[in-house]
Amino acid sequence: MLPTIMAGKSLILDEFVPYRLSVTSNVVSDVIATAYEALFGLSIPEWRVVAVVAENDGVTQQEICATTRMDKVTVSRATIALVNRGLIARAPNRADRRSRLLALTRPGRRLYADVAPKALEFEQRILENFPADEVRRFIAMLRAIEARALELGKDRTAATP
């Protein structure tokens, strides 16, 4: 629980956790985007689609949206670009004829094999000054914040200040 003193506190944007999460995410994504674009010709949404498909062969665009929290238009554009580049293939989805199952092609798997180590290296460089137990707690806290926000989002009145 946050201290009750927070109730009378003024909003200071730079100390507001939702703002800090957003800014930090944007900074990290911008740095990664520059590197992925220069090295692999990939945008962040394209990389996320590749990574989700690599982890879940036969995934739908709707499942990618749910996993990554990217909107349908962003996932659709990224998928179209990746299909056009021959990195992802679409197959009929017998369970739902309106959607397609996505899988990496051989060039897509090679691209993933090239990008994934760079992504891990970048993550390691960002976190190298923090003790491993602190990083584990941080990741656990991020997951808990996400879960709580989703919980609050289910009850729209609770999410509205």
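Using a 1.4 Å probe, how large is the accessible area of THR34, given in Å² and rounded to the nearest 10?
It works out to around 100 Å².
Once amide H atoms are built 1.01 Å from N in the peptide plane, which residues 5 or more positions from ILE88, or in another chain, come under 5 Å H to H?
VAL83, THR105
Rg to Rh ratio, the stretch 80-161, alpha-carbon atoms and Kirkwood radius? List each step's numbers first, then the result.
Working: Rg = 19.5 Å, Rh = 16.8 Å.
Over the Cα atoms of the stretch 80-161, Rg/Rh equals 1.16.
Counting only Cα, what are the radius of gyration and maximum Cα-Cα distance Dmax of the chain, in Å?
Every Cα atom of the chain included, Rg and Dmax give 18.9, 58 Å.
Under 5 Å between amide hydrogens, which residues at least 5 positions from LEU42 or on another chain qualify, with H placed 1.01 Å from N in the peptide plane?
Amide H to amide H, under 5 Å and 5 or more residues apart or across chains, LEU42 pairs with GLU37.
Only Cα pairs under 8 Å and at least 6 apart count here; give the relative contact order of the stretch 49-105 as a rounded whole percent.
Details: 69 pairs, mean separation 23.5, N = 57.
Result for the stretch 49-105 is 41 percent.
Could you give me the ³J(HN,Hα) list for the stretch 105-110, computed from phi with Karplus coefficients 6.51, -1.76, 1.60 and θ = phi - 60°, whole Hz, x at Gly and Pro?
Per-residue couplings from phi come out as 7, 4, x, x, 5, 5 Hz.
Please list, ordered by chain and number, the residues whose modelled amide H lies under 5 Å from the amide H of LEU101; skip anything fewer than 5 residues away on the same chain.
Distant-sequence amide H within range of LEU101: ALA91, ASN93.
Which one of LEU11, ALA51, VAL27 is farthest out on the positive end of the charge dipole of the stretch 1-96, using unit charges on Cβ (Lys, Arg +1; Asp, Glu -1) and the Cα centre as origin?
After comparing all options, I get ALA51.
Report the relative contact order of the chain, percent, no decimals, based on alpha-carbon pairs under 8 angstrom and at least 6 residues apart. Provide the component values of the computation, followed by the final result.
Numbers: 111 pairs, mean separation 25.5, N = 161.
The value is 16 percent.
Report the relative contact order of the stretch 15-72, percent, no decimals, based on alpha-carbon pairs under 8 angstrom and at least 6 residues apart. Don't jump to the answer; show the numbers that get you there.
On the way: 20 pairs, mean separation 10.8, N = 58.
With pairs under 8 Å counted, the relative contact order is 19 percent.
Quick check: at a probe of 1.4 Å, how many percent of the accessible area of the stretch 42-130 sits on carbon and sulfur atoms?
Values: 2780 of 5710 Å².
Carbon and sulfur atoms account for 49 percent of the accessible area of the stretch 42-130.
How many angstrom lie between the Cα centre of the stretch 16-49 and the Cα centre of the stretch 101-161?
12
Going by average Cβ density within 10 Å per residue, which order do the peptides 144-150, 101-107, 127-133, 86-92 take, highest to lowest? Provide the component values of the computation, followed by the final result.
Values: 144-150: 11.0, 101-107: 17.3, 127-133: 9.4, 86-92: 15.6.
Peptide ranking by packing, descending: 101-107, 86-92, 144-150, 127-133.
Let me have the 222 nm mean residue ellipticity of the chain computed from DSSP H runs of 4+ only, each contributing -39500 (n - 2.57), with the sum over all residues rounded to the nearest 500. The partial results should precede the final answer.
On the way: 7 runs with 106 residues, N = 161.
Calculated at 222 nm, the ellipticity per residue is -21500 deg cm²/dmol.
The values are calculated or read from the model by the stated rules, or taken from the named source; none is laboratory data. The structure displayed is predicted, hence computed values, not measured ones. Backbone-built Cβ (ideal geometry, glycine too); neighbour counts: all protein chains shown. SASA here: full protein model, heavy atoms, side chains in, ligands and nucleic acids out. Shrake-Rupley method; radii C 1.70, N 1.55, O 1.52, S 1.80 Å.
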